[in-house]
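A quick write-up on the structure given underneath.
The values are calculated or read from the model by the stated rules, or taken from the named source; none is laboratory data. Since we're looking at a predicted model, the values are computed, not measured. Reconstructed Cβ throughout: ideal geometry from the backbone, glycine too, with neighbour counts over all protein chains shown. Protein only, heavy atoms only, side chains kept; ligands, DNA and RNA dropped before computing areas. Shrake-Rupley method; radii C 1.70, N 1.55, O 1.52, S 1.80 Å.
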Amino acid sequence: MFSVNTVWDNIDKVRGSGPVVLSITNYVVMNSTANALLSAGASPIMAHAKEELEELITIAGSLVLNIGTLSTGWIDSMRFAASIAAAKYKPVVLDPVGAGASRLRTETSISLLEEGCVSLVRGNASEIMALAGVGAMTRGVDSCNDSNEAETSAKTLARKYQCAVAVSGCVDLITDGETVYNITGGSDYMPLVTGMGCIATAICGAHLAICEDSFAAAVSGMGCMAAAGGLAKVASNGPGTFAVHFIDALHNVTENDITRLVEVRSV
Amino acid sequence: MFSVNTVWDNIDKVRGSGPVVLSITNYVVMNSTANALLSAGASPIMAHAKEELEELITIAGSLVLNIGTLSTGWIDSMRFAASIAAAKYKPVVLDPVGAGASRLRTETSISLLEEGCVSLVRGNASEIMALAGVGAMTRGVDSCNDSNEAETSAKTLARKYQCAVAVSGCVDLITDGETVYNITGGSDYMPLVTGMGCIATAICGAHLAICEDSFAAAVSGMGCMAAAGGLAKVASNGPGTFAVHFIDALHNVTENDITRLVEVRSV
Amino acid sequence: MFSVNTVWDNIDKVRGSGPVVLSITNYVVMNSTANALLSAGASPIMAHAKEELEELITIAGSLVLNIGTLSTGWIDSMRFAASIAAAKYKPVVLDPVGAGASRLRTETSISLLEEGCVSLVRGNASEIMALAGVGAMTRGVDSCNDSNEAETSAKTLARKYQCAVAVSGCVDLITDGETVYNITGGSDYMPLVTGMGCIATAICGAHLAICEDSFAAAVSGMGCMAAAGGLAKVASNGPGTFAVHFIDALHNVTENDITRLVEVRSV
């Protein structure tokens, strides 16, 4: 069903239509996710004041919720935004940063999922497993060793909350609860740059805004990350230069780069 | 009256005197505007706690107010800081980020202008038009098509609040309500880097601190941006490398670069 | 006692063990300090909600407190985190950003020191002097001229609060109140990049997590900064490229680079 063509088609649509992506996100990645969205052709808005969320969601094509530097006020804003997005049929992507590392993060993520308005969850293996009630995160850094557990957890989560789930890792895994796709590409530098997962979530948010199918949006968003990562690593000499070239790559990536650098396969 | 000499003179003065610029600004651009100020030779302070604003304004040469990620507490801090700045005769530059996109942003901007302490407003066309009561922003991204409307709005605003107004765009427009200057230069990458407008505002803040005439400071601040943008684009391969080279360029730009890369003309 | 070998040994240990460093830090440097920690081989967590601090400190190897963009709520979180860290015997490094520039910053820093849980203070000369009750910061930018005053202040502070003190400058100064070490290296670009001091504090935090002796951790943390700074400047054309290459350098720096670029001497 999905292929590298899905990836390119949606990258091209984002560039062509410049969707507005509203993010209620963490302090660490506000700048880098805004830059990633702009380079990919989207139009980012960062906001959190309840007084303006309804107006901003109205002009947005999708909503990104990211719990990376959580506090009570921001949880309220996220819940409020999620309910407006549901009422206005705007797709929502959730990034459960650090779920499993604290009850606050796990419970906030689950409460947002329970409200039923999340179209896509994008996390690393430990976060997705924590949300599915399996294991506990002890580090914040992902590993490649738990792919079977991660797949089971992702499917469980997708079925329970009727959403797509994307798990970042050496090989990305995307599922709607039934079908599973793997995406290969990217670079070893990606886990060494802060917020690379948050950028993946934001890019998936841009793809959600131009694509009715959240499973397809997750595949193409993660495929876009894999292509840009592969393109950037050639020019890089470490995580610092990689982060910069990655932003260039989101702007420059071509259909040929996708074909050359990314593998999308059903498993 | 103003020319590329005005631009160079003020760049040179900022480098020579290292003015302290206090910013109450948005989360997205705190890092990039601080880096831009340092590279330009100024000394940035970022703060928002009311308990310390009076002491910090005392040592500052100017105050930057930027409403990019607004919330109630920050509006209070901005109002409080603006009143202290007025009492201490420190110039204030306002960046009405997203005015027109929400009532909160439009009304906060106007209420700060109504207090009469703003020396300079720096925004894009849609923001300036929104503050003048014309049109409504629907995107956050500027366009080059509305220059006549933008000019009328900028003049209206400048006269009403007795301040200078700088409108960023393909061609920048600066006015005191009577005279209008256009500045040409920069790079197509500038709208693809988040906070480039906020950096323009911060650089104008540095120029305000060393220049009694806010109209001149706006011209030289925007001229500095145009020169650095022109210098940076040559070395860049996308918005990521551009953002990095732009910071270098603020540090490296010479009088010859200004002459070569920037046009300042009265219209 | 300490030498360039101390620096390399601890850099190597950080890379080998990947300590979790929990930071309650300022908005300006959240992204850059997280990237620095990742590049150095550590695992950063940024958080401030009291609801999750105990769980996160439990999995952390050290705690970084940085007062750069202070407000009441964050002071509460820092105090709370400091008390938990003390109870769990986790080392704490304090960055008194802007101490001396406002009573809020000076008093908050001193109150954290008074609680007796700080293992290391890392600041510039004016901040350390302000905490020792000498002089007043008027700029935020450090100078090289006050090294005698800074040394006396650092020793006073170290003895009073039984901690190590690291003073960044052209030549870094580290003391436990008795012995003083100087570290030479780095680059003239370092004061032109925002948060370079905050990055030094974060890197010292990573070294604290793998090294029981806070004096040794301060020497090796500052030595790591000096080496990375020296390595980065060769490839740089201004403060923008320097900041990027500095992050690469934290990842790439070798034992040979340390020997070549850093001098550690007892004074």
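Listing for the model above:
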item: HN-Hα J in Hz across the range B:90-97 - Karplus 6.51, -1.76, 1.60, θ = phi - 60°, x for Gly and Pro; result: 9, x, 10, 10, 10, 10, x, 3
item: Distance between the range B:29-44 and the range A:232-267 - C-alpha centres, whole angstrom; result: 30
item: Number of Lys pairs (Cα under 30 Å; 8 or more positions apart or on different chains) in the range C:4-266; result: 11
item: In nm, spacing of pseudo-spin labels at C:Ser17 and C:Val234 (7 Å Cα→C-beta vector); result: 3.1
item: Rounded, prolate or oblate (a/c below 1.5 giving rounded, otherwise prolate when a/b exceeds b/c) for chain C by Cα gyration tensor; result: rounded
item: Chain B, relative contact order [Cα under 8 Å, separation at least 6], %; result: 22
item: For the range B:1-137: rounded, prolate or oblate by the Cα gyration tensor [a/c cutoff 1.5]; result: oblate
item: Shape of the range C:202-267, Cα gyration tensor, a/c cut at 1.5; result: prolate
item: Inter-chain shielding of B:250-256 (mean C-beta neighbours from other protein chains, 10 Å cut-off); result: 2
item: Residues in the range C:70-97 that, when all protein chains are in place, have 10 Å² or more less accessible area than the chain alone would give (probe 1.4 Å); result: C:Leu70, C:Ser71, C:Thr72
item: Neighbouring partner chain Cβ atoms per residue of A:102-109, average, 10 Å criterion; result: 4
item: Total charge dipole magnitude, the range B:11-84, about the Cα centre, Cβ charges on Lys, Arg, Asp, Glu only, Debye to nearest 20; result: 240
item: Highest average packing first - A:64-70, A:95-101, Cβ atoms within 10 Å; result: A:95-101, A:64-70
item: Accessible area buried between chains A and C, both sides summed, probe 1.4 Å, in Å² to nearest 100; result: 2200
item: Per-residue HN-Hα couplings for the range C:45-52 [Karplus 6.51, -1.76, 1.60; θ = phi - 60°; Hz; x = Gly/Pro]; result: 10, 10, 7, 8, 6, 4, 4, 10
item: Carbon plus sulfur fraction of accessible area for the range C:4-266, probe 1.4 Å, in percent; result: 48
item: Dipole axis of the range C:4-266 (+1 Lys, Arg; -1 Asp, Glu on Cβ), positive-most option in C:Ala99, C:His207, C:Thr156; result: C:Ala99
item: Fraction of beta bridges assigned by DSSP in the range B:4-266 that are antiparallel (%, nearest 5); result: 40
item: Euclidean distance between Cα centres, the range B:212-230 to the range C:173-209, Å; result: 35
item: Farthest toward positive dipole pole in the range B:4-266 [+1 Lys/Arg, -1 Asp/Glu at C-beta], among B:Ser236, B:Val121, B:Leu63; result: B:Ser236
item: Distance (nanometres) between label positions extended 7 Å along Cα→Cβ at B:Arg159 and C:Arg103; result: 4.7
item: Nm distances between copies for C:Asp76, ranked from closest, using label points 7 Å along Cα→Cβ; result: 1.3, 1.3
item: Surface accessible to a 1.4 Å probe, per residue, for the residues of the range A:4-266, Å²; result: 32
item: Peptide B:35-48 - average C-beta neighbours from other chains (10 Å radius); result: 5
item: Charge dipole magnitude, Cβ of K and R +1, D and E -1 - chain B, Cα centre, debye nearest 20; result: 180
item: Amide proton proximity set for B:Ser43, modelled H, under 5 Å, gap of 5+; result: B:Val20, B:Val21
item: Built amide H within the under 5 Å cut-off of C:Gly238, gap 5+; result: none
